[in-house]
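Colleague: Structure below; questions to follow.
The values are calculated or read from the model by the stated rules, or taken from the named source; none is laboratory data. The structure displayed is predicted, hence computed values, not measured ones. Using ideal geometry, Cβ is built from the backbone for each residue, glycine included, and neighbour counts are taken over all protein chains shown. Accessible surface areas use protein heavy atoms only, side chains included; no ligands, DNA or RNA. Shrake-Rupley method; radii C 1.70, N 1.55, O 1.52, S 1.80 Å.
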Amino acid sequence: MIGKKVFVTGSNGMLGSNLVNNLDKEGSVITNSMLDITSHEMVFSILDKIQPSIIIHTAAYTDVEGCEVNVDKAYKVNSIGTQNLVNYCINKDILFVYISSTGIYGKESNTSYTEFDDINPTTIHHKSKYEGEKIVKNHLSKFLILRTGWLYGGKKTHNKNFVYKRYLEASSKGVVYSDTSQIGNPTSVIDFIKQMKVLIENNQYGIFNCINEASGISRFDYVKKIIELFGLKCDVKIAPDNMFKRTAPVSKNESATNYKLNLLNLNVMGSWEESLNKYIQQLKSEM
């Protein structure tokens, strides 16, 4: 992506901020924290001035619980906001990169999902993200839709830093509780960005799962590994039923595999344990 003008939406988020820090070393990365993607006029006005070669769309309403209550907001941001950006790209030589979620697959399978499995989202959040996917693939030919899940990384002060929050919780308690009912792929934001760059540099288009390798890993396994790698003396216990009540009817299986990346020999995502260890060692060095 060296020399390309890249516009990143959602640059204050965990993924967006890491993208800016990572890609700014290689070329021209542009952001605009004032951009309201739900405003058609603002999107066109700002992008006309920037004239990007690549748009990486990370901005989203990501509060899964909140989306169940604020349905209009979920569709306005995740679907209509994406539509506005896509409308700008139509008939222009712009690569559009859309960040989606492995949570959109739904609950039809007990095994890890591939890109060729049917989509049947169970929550408003994932339905609105899937609507965004459909808008992208129905109107553009030059696009990447990257489905990821359980992203972590970046600055420890970020309000969505799941790993560091578990460190703080375990540091102040003798026991923490976590849920075994949902499985997925804890995924390093740095690995995800590396994978994105590989796809762009190899002129790949289409839909790809992009997650760290994991099999049958629950939230409980994830939290237990975090505390173990930090070397904290804190017991991790299975949460009693209904301890973590949720409004959103989330799928119990958000796990996926990088099937297409493997077929193309382009998979650079490591195992979830190795990547988590690297990140925690980095955090420990900064404490």
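Colleague: Roughly speaking, what is the stretch gain from GLU274 to ASN262, that is 0.36 nm per residue apart minus the C-alpha to C-alpha distance, in nm to one decimal?
Modeller: Full-extension gain reported as 2.5 nm.
Colleague: Under unit Cβ charges (Lys, Arg +1; Asp, Glu -1), what dipole magnitude, rounded to 20 debye, does the stretch 23-76 have relative to its Cα centre?
Modeller: 180 debye
Colleague: If you stretched the chain out fully between ASN91 and LYS173, how much longer would it get, using 0.36 nm times the residue separation minus the C-alpha to C-alpha distance?
Modeller: So the chain would gain 23.9 nm between ASN91 and LYS173.
Colleague: To two decimal places, what compactness ratio does the stretch 110-188 give when its Cα radius of gyration is scaled by 2.2 N^0.38 Å?
Modeller: With N residues counted in the stretch 110-188, Rg over 2.2 N^0.38 Å equals 1.46.
Colleague: For the chain, with every protein chain kept in place, what is the accessible area per residue (1.4 Å probe, Å²)?
Modeller: I get 47 Å² per residue for this part.
Colleague: Starting from the alpha-carbon convex hull of the stretch 1-113, give the projected area averaged over all orientations, in nm².
Modeller: 8.5 nm²
Colleague: Here's something else I'd like to know. Please compute the Cα-Cα pair-distance distribution of the stretch 77-138 with 10 Å bins starting at 0, giving whole percents from short to long.
Modeller: Cα pair-distance distribution for the stretch 77-138, in percent: 21, 48, 24, 7, 0.
Colleague: If packing is taken as the average number of other Cβ atoms within 10 Å across a peptide's residues, how do 208-220, 133-145 rank, most packed first?
Modeller: 208-220, 133-145
Colleague: Estimate the FRET efficiency between LYS49 and SER181 by the formula 1/(1 + (r/R0)^6), using the beta-carbon distance for r and 41 Å for R0, to the nearest 0.05.
Modeller: 0.30
Colleague: Take MET14, MET287, MET42 and sort them by solvent-accessible surface of the protein heavy atoms, 1.4 Å probe, largest at the top.
Modeller: MET287, MET42, MET14
Colleague: Follow-up question, since we're still on this one. I'd like the accessible area for ASP221, computed on protein heavy atoms only with a 1.4 Å probe and all protein chains in place. Round to 10 Å², please.
Modeller: Its heavy atoms expose roughly 50 Å² to the probe.
Colleague: About its Cα centre, what dipole magnitude does the stretch 1-119 give when the only charges are +1 on Lys and Arg Cβ and -1 on Asp and Glu Cβ, stated in debye to the nearest 20?
Modeller: The calculated dipole for the stretch 1-119 is roughly 480 debye.
Colleague: What angle, in degrees between 0 and 90 and rounded to the nearest 10, separates the Cα long axis of helix 219-230 from the longest principal axis of the Cα atoms of the chain?
Modeller: That works out to roughly 80 degrees.
Colleague: Now, a different point. Roughly speaking, to the nearest percent, how much of the chain's 1.4 Å accessible area is carbon and sulfur?
Modeller: Within the chain, the accessible surface is 47 percent carbon and sulfur.
Colleague: Taking a quarter of the surface of the convex hull around the Cα atoms of the chain, what do you get in nm²?
Modeller: So the Cα hull casts an average projection of 14.7 nm².
Colleague: Work out, step by step, the length gained on full extension between VAL71 and PHE116: first 0.36 nm times the residue separation, then minus their alpha carbon distance; give nm to one decimal.
Modeller: Extending this stretch completely gives an extra 13.4 nm.
Colleague: Does anything in the stretch 165-191 have its amide N under 11 Å from the 7 Å Cα→Cβ label point of GLN282, and if so which residues?
Modeller: 188-191
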